Amino acid sequence: MSGFALQSHAMGKRVAVRRHGLIVRITHWVNALVWVFLLMSGLQIFNAHPALYFGQQSNFTHPFLVMGAANDNPARGMTSIAGHSFDTTGWLGVSYDESGEPVERGFPRFVTWPGEQDLATGRRWHFFLAWLFVINGTIYLLSGVLSRHFTRDLLPSWADIRHIPRSIFDHVQLKFAHERRYNVLQKLAYISAALVALPLMVLTGLTMSPAMDAAFPWLLEVFGGRQSARSIHFITAMFLVLFLFVHLVMVLISGVFNNLRSMITGRYVVEEQAHDL
Amino acid sequence: MISERKLPVSRRALLRFGAIGAGSLLLAGCDDAVSENPRILSLIDKASALTYRAQRLILPRDKLAPEYAESDIAPQFRANGSTSPSDPAYRKLAAGDFADWRLMVGGLVERPMQLSLAELRALPASTQITRHDCVEGWSCIGKWTGTPLSEVLNRAGVKPQAKFVVFHCADRLQDGAPDDFEPGESDSADSGGVPYYESIDFVDAYHPQTLLAYELNGQTLPIAYGAPLRLRLGRQLGYKMAKYVMRIELVASFAQMGGGNGGYWEDLGYEWYAGT
């Protein structure tokens, strides 16, 4: 990365570097938009049968997770995970329609796409977006491998791995170094989201397709059955929601302008110690 | 790599454009003007056509859906959609154990036929233990026995103009109060209901796992599961597998039938190709 000195400080120099390549920036924003609607249309599809199972098929008497309404007046939304039930009225199981009436549905209308219960439209959007996601993701992955972005910037070195406890300590103290290179926790977070979770979403998604199961029966072996694949698809989506939450918080508290600029123009300002230069 | 100074549009303008675009899409979504917009949906359906072509391309014609062991059979196979047709003619046939039922095979065939259950059972039979995947998301494994559709088609002699096999059924979807198929969807049918129908292409019609099933788990097919005869496909979702089949029609196009989309659920917005 090429840099040039902006100004001198007693403690170090502020240097502008080119942090993100053009393809990373474009695919990042396409992915951001596509992923939000993939998530929301996915929750719409989940709502058609708001229960999860493990294995090849659905054991209706023992779902791993289920959202529903308790037979109470007024209706109460209940979510049960591995046998433990929680009252989730207003959010999961029972939420409110446009006129404020309670309706039985898994996720509420403000997080599904479309908002109304409409499996057919949700599916059409989901599969359309899935094509965009796969095309965009393939461009990102190819460019990451060919440009050596992954091996150079994301793959943790042995020094990084030894540095994990120290890096955790820094983060807990809210000390975020603006450096040329990602710290080890950033590397691990981006690898887990971009190179593990997102490809896993594609593979578990394909495993839910009866036609793909005929073409590639090994998909069922890998994930332990179609219903397991559906559950892993859902759990991985929830992991990605968590990733997005942490990602947005970190962007906000570690220099929001600098971070946003670096993902739009590529330019990122770092502070460097004199001895580094 | 281009320098930001050479960008034809200012960074600020790009940012503003992006924010307005994303924001308006989100706002518009609140009244479903975007999600249900016919123009956008027609663009989106191009992806559905792409999925159909891509899956047909990578999936060898006769590649089988996975089959399971006897021990995998679901203790409680869910009955969905119509579970008890109210059509008087159907009720009369059911009262006589379908002895008077005849499967009509017509349309673009050389020899239109009528087959009784006994005649169907006399044809070569096939048994499979396969997984049934509902569009809602659940799956059940069952053992199905029936006549491969190809046996019937070959006897009737398919004319070269034929492109699709259409299944006409005895049920109308309000029948039997489907408890968890979307009520909003079936309400849009008229008060008398719309007759169920489905259609498949010849890749599926001649697939060895495509059955006209008359037995489930070794028992005569119960009414809740589509008696006397239902379609079984190995590589598509449950809504394609018409129950209560009364008539098979070979056609060159289904554009003039029902809502013109090739099936009951298709007319309500579901994809014609349900391999995903």
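The values are calculated or read from the model by the stated rules, or taken from the named source; none is laboratory data. The structure displayed is predicted, hence computed values, not measured ones. Please note: Cβ atoms are built from the backbone with ideal geometry, for glycine as well, and neighbour counts cover all protein chains shown. Ligands, DNA and RNA are stripped out before the accessible areas are found, and what is left, the full protein with its side chains, is counted by its heavy atoms. Shrake-Rupley method; radii C 1.70, N 1.55, O 1.52, S 1.80 Å.
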Residues of the stretch A:84-132 that turn out to be open to solvent by less than 30 Å² (accessible area, probe 1.4 Å), in contact (Cβ under 8 Å) with a residue 40 or more places away in the chain and among the hydrophobic types (A, V, I, L, M, F, W, C), as a count:
5
Show the residue pairs that are 6+ apart or on different chains and have beta-carbon atoms under 6 Å apart, the first residue being within the stretch B:155-173 and under 29 Å from B:ALA224 (Cα atoms) and open to solvent by 60 Å² or more (accessible area, probe 1.4 Å), the second being in a strand (DSSP E or B) and at pLDDT below 95.
B:ARG172/B:PRO195
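Tell me yes or no: at least one residue of the stretch A:159-167 is of a type outside the set (Phe, Trp, Tyr) and within 18 Å of the chain's Cα centre (by Cα). Give the steps one after another, and end with the answer.
At the first step, the residues of the stretch A:159-167 found to be of a type outside the set (Phe, Trp, Tyr) are A:159-167.
Checking which are within 18 Å of the chain's Cα centre (by Cα) leaves us with none.
Among the residues of the stretch A:159-167, not one is of a type outside the set (Phe, Trp, Tyr) and within 18 Å of the chain's Cα centre (by Cα), which makes the answer no.
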Regarding the stretch A:236-252, can at least one residue be identified that is in contact with a Gly (Cβ under 7 Å, 6 or more places away or on another chain), within 14 Å of chain B (Cβ to nearest Cβ) and either of a type outside the set (Phe, Trp, Tyr) or open to solvent by less than 50 Å² (accessible area, probe 1.4 Å) (or both)?
yes
Tell me yes or no: at least one residue of the stretch A:97-104 is in a loop (DSSP other than H, G, I, E, B), within 11 Å of chain B (Cβ to nearest Cβ), farther than 24 Å from A:ASP213 by Cα and touching a Ser or Thr at 6+ places or on another chain (Cβ under 7 Å).
no
Regarding the stretch A:130-153, can at least one residue be identified that is of a type in the set (Val, Ile, Thr) and within 11 Å of chain B (Cβ to nearest Cβ)?
yes
Would it be correct to say that A:LEU219 is surrounded by 15 or more Cβ atoms within 10 Å (Cβ to Cβ), within 17 Å of the chain's Cα centre (by Cα) and not charged (D, E, K, R)?
no
Just to be sure before I move on: is A:SER231 closer than 21 Å to A:PHE133 by Cα, surrounded by 15 or more Cβ atoms within 10 Å (Cβ to Cβ) and in contact with a Gly (Cβ under 7 Å, 6 or more places away or on another chain) in the structure I sent?
no
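Have a look at A:PHE54, A:PHE46 and point out the one that is modelled with pLDDT of 95 or more, open to solvent by 40 Å² or more (accessible area, probe 1.4 Å) and under 30 Å from A:GLU221 (Cβ atoms).
Working: A:PHE46 fails: open to solvent by 40 Å² or more (accessible area, probe 1.4 Å).
Just a single option satisfies the conditions, and that option is A:PHE54.
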Taking the condition farther than 18 Å from B:LEU211 by Cβ, among the β-branched types (Val, Ile, Thr) and in contact with a Phe, Trp or Tyr (Cβ under 9 Å, 6 or more places away or on another chain), does B:THR145 pass?
no
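Evaluate the stretch A:60-77: report whether one residue or more is closer than 29 Å to B:GLY142 by Cα, facing another protein chain (nearest Cβ under 10 Å) and surrounded by fewer than 22 Cβ atoms within 10 Å (Cβ to Cβ).
The initial filter retains those residues of the stretch A:60-77 that are closer than 29 Å to B:GLY142 by Cα, namely A:60-68.
From the residues that got through so far, the ones that are facing another protein chain (nearest Cβ under 10 Å) too are A:60-61, A:63.
With the extra rule that they be surrounded by fewer than 22 Cβ atoms within 10 Å (Cβ to Cβ), the set shrinks to A:60-61.
Looking through the stretch A:60-77, at least one residue is closer than 29 Å to B:GLY142 by Cα, facing another protein chain (nearest Cβ under 10 Å) and surrounded by fewer than 22 Cβ atoms within 10 Å (Cβ to Cβ).
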Just give me the residues in the stretch A:204-230 being free of Cβ contacts under 8 Å to residues at least 24 places away in the same chain and either farther than 15 Å from B:HIS132 by Cα or not in a helix (DSSP H, G or I) (or both), in sequence order.
A:LEU206, A:SER209, A:ALA215, A:PHE216, A:PRO217, A:TRP218, A:LEU219, A:GLU221, A:VAL222, A:PHE223
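So that you can scan it fast, the table gives a plain yes or no per residue for (1) of a type outside the set (A, V, I, L, M, F, W, C); (2) away from every other protein chain (no Cβ under 14 Å); (3) buried (at least 23 other Cβ atoms within 10 Å of the Cβ):
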{"position": "B:PRO195", "(1), (2), (3)": "yes, yes, no"}
{"position": "B:THR210", "(1), (2), (3)": "yes, no, yes"}
{"position": "B:GLN219", "(1), (2), (3)": "yes, yes, no"}
{"position": "B:PRO222", "(1), (2), (3)": "yes, yes, no"}
{"position": "B:PRO228", "(1), (2), (3)": "yes, yes, yes"}
{"position": "B:MET241", "(1), (2), (3)": "no, no, yes"}
{"position": "B:ASN261", "(1), (2), (3)": "yes, no, no"}
{"position": "B:GLY269", "(1), (2), (3)": "yes, no, no"}
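In this structure, is A:PRO199 assigned to a loop (DSSP other than H, G, I, E, B), in contact (Cβ under 8 Å) with a residue 24 or more places away in the chain and more than 14 Å from chain B (Cβ to nearest Cβ)? Write out each step before concluding.
Values: assigned to a loop (DSSP other than H, G, I, E, B): no; in contact (Cβ under 8 Å) with a residue 24 or more places away in the chain: yes; more than 14 Å from chain B (Cβ to nearest Cβ): yes.
No.
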Among the residues of the stretch A:196-214, which ones are open to solvent by less than 30 Å² (accessible area, probe 1.4 Å) and more than 19 Å from the chain's Cα centre (by Cα)?
A:THR207, A:SER209, A:PRO210, A:ALA211, A:MET212, A:ASP213, A:ALA214
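Quick check on this structure: which one of A:SER167, A:SER157, A:SER147, A:SER143 is open to solvent by less than 80 Å² (accessible area, probe 1.4 Å) and without any contact (Cβ under 8 Å) to a residue 12 or more places away in the chain?
Working: A:SER167 fails: without any contact (Cβ under 8 Å) to a residue 12 or more places away in the chain; A:SER147 fails: without any contact (Cβ under 8 Å) to a residue 12 or more places away in the chain; A:SER143 fails: without any contact (Cβ under 8 Å) to a residue 12 or more places away in the chain.
Exactly one residue qualifies, and that residue is A:SER157.
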Here is a list of conditions, (1) under 30 Å from A:THR207 (Cα atoms); (2) in contact with a His (Cβ under 9 Å, 6 or more places away or on another chain); (3) at pLDDT below 95, and B:PRO178 meets all of them except one; can you say which number that is?
(2)
With the first residue restricted to the stretch B:48-72 and required to be farther than 20 Å from A:ARG226 by Cβ, and the second required to be open to solvent by less than 70 Å² (accessible area, probe 1.4 Å) and basic (Lys, Arg), Cβ contacts under 7 Å at 6 or more apart or on different chains are B:SER48/A:ARG124
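Which one of these is assigned by TED's automatic domain parsing to the domain that holds B:LEU216, part of a loop (DSSP other than H, G, I, E, B), exposed (fewer than 13 other Cβ atoms within 10 Å of the Cβ) and hydrophobic (A, V, I, L, M, F, W, C): B:ALA99, B:ALA79? Before you say what the answer is, go through the steps one by one.
On the way: B:ALA79 fails: exposed (fewer than 13 other Cβ atoms within 10 Å of the Cβ).
Checking each option against the conditions leaves just B:ALA99.
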Quick one: B:SER253 ticks every box in (1) at pLDDT 95 or above; (2) outside any loop (DSSP other than H, G, I, E, B); (3) surrounded by fewer than 18 Cβ atoms within 10 Å (Cβ to Cβ) except a single one, so which number is it?
(2)
Report yes if B:GLY146 is open to solvent by less than 10 Å² (accessible area, probe 1.4 Å), within 14 Å of chain A (Cβ to nearest Cβ), within 19 Å of the chain's Cα centre (by Cα) and within 27 Å of B:ALA79 (Cβ to Cβ), otherwise no.
no
